[in-house]
Amino acid sequence: MDLLTGGLPRTVNIKGVEYPIETDFRTFIQFELIMNDDEDDLVQVAKAMHLVYGEELPADAPGAVDALLWFYSGGQPQKMKKAQRTYYFDHDADYIYSAFLDQYGIDLSDVEYLHWWKFRALFRSLKEDNEIVKIIGFRSVKVDSRMPKDRRKFYTRMKAEFAPPLSARQLKRQEELDKMLMRK
């Protein structure tokens, strides 16, 4: 299945059985937020499964997780490498909202339904003049000593300016580190 030649899936196949899932973009934004939360991995997976499958979870839990990840990735093969996060749906919501409104005329707060795969395609194709694309670019630049000093300084400043707030876990670690440093 794909955007051009096939219908967009509203089910996933687990060992020959079709299971209906929630396919709206809002569901998978919530899914991503859950999976990037500070909670225990098993808690995250349980929340995500209930979010997408509802109350009647498939009996084959590993198959259900694989199917869920397949759908989340737009039907693409899974990449096992953990990629650097360059956008944050919670932190960047206003930039994403305005980019969709500006470029596509889609008001994400008013649209009743938008399939996750369509949302992904539109998000990935945002033009460079949208602020969110610029921010993603700043976050993805690897600053190193081979860069001219003025560019290093600029990108370091931009990364700091557009850094998301620290998570609860990161804040706790920072507080613990601060306490340790104050004792010495």
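Numbers for the structure displayed
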| read-out | value |
| --- | --- |
| Segment 1-101 - charge dipole about Cα centre, Lys and Arg +1 at Cβ, Asp and Glu -1, debye rounded to 20 | 440 debye |
| Part-to-part distance (alpha-carbon centres) for segment 1-55 and segment 109-135, which is given in Å | 19 Å |
| Debye, to nearest 20: dipole size of segment 69-133, +1 on Lys, Arg Cβ, -1 on Asp, Glu Cβ | 700 debye |
| Kirkwood Rh, angstrom, segment 113-169 [1 / mean 1/r, Cα pairs] | 13.5 Å |
| Two-decimal Rg to Rh for segment 71-146 - Kirkwood Rh, Cα set | 1.00 |
| Which of L177, G74, V12, positive extreme of dipole for the chain (C-beta unit charges) | L177 |
| D (Stokes-Einstein, µm²/s), Kirkwood Cα radius, segment 36-96, 0.692 mPa s at 37 °C | 243 µm²/s |
| Approximate spin-label separation D107-A163, in nm, with each point projected 7 Å along Cα-to-Cβ | 3.7 nm |
| Accessible area of the chain divided out per residue, in Å², using a probe of 1.4 angstrom | 68 Å² |
| Radius of gyration and Dmax over the Cα atoms of segment 1-72, both given in Å | 12.3, 39 |
| Proximal charge balance of I14 [Cβ under 14 Å; K/R count +1, D/E count -1] | -3 |
| For the chain, size of Cβ-based charge dipole, Lys and Arg +1, Asp and Glu -1, in debye | 1520 debye |
| Expected 222 nm ellipticity per residue - DSSP helices of 4 or more, -39500 (n - 2.57), all of the chain, to 500 | -16000 deg cm²/dmol |
| With 5 Å bins from 0: P(r) over the chain, alpha-carbon pairs, percent | 1, 6, 12, 15, 16, 16, 13, 9, 6, 3, 2, 0, 0 |
| Percent accessible area from carbon and sulfur atoms, the chain, protein chains only, probe 1.4 Å | 55 percent |
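The values are calculated or read from the model by the stated rules, or taken from the named source; none is laboratory data. All values reported here derive from a predicted model rather than from experimental measurement. With ideal geometry, Cβ positions are generated from the backbone for all residues, glycine too; neighbour counts draw on all protein chains shown. Heavy atoms of the whole protein, side chains included, go into the accessibility calculation; ligands, DNA and RNA do not. Shrake-Rupley method; radii C 1.70, N 1.55, O 1.52, S 1.80 Å.
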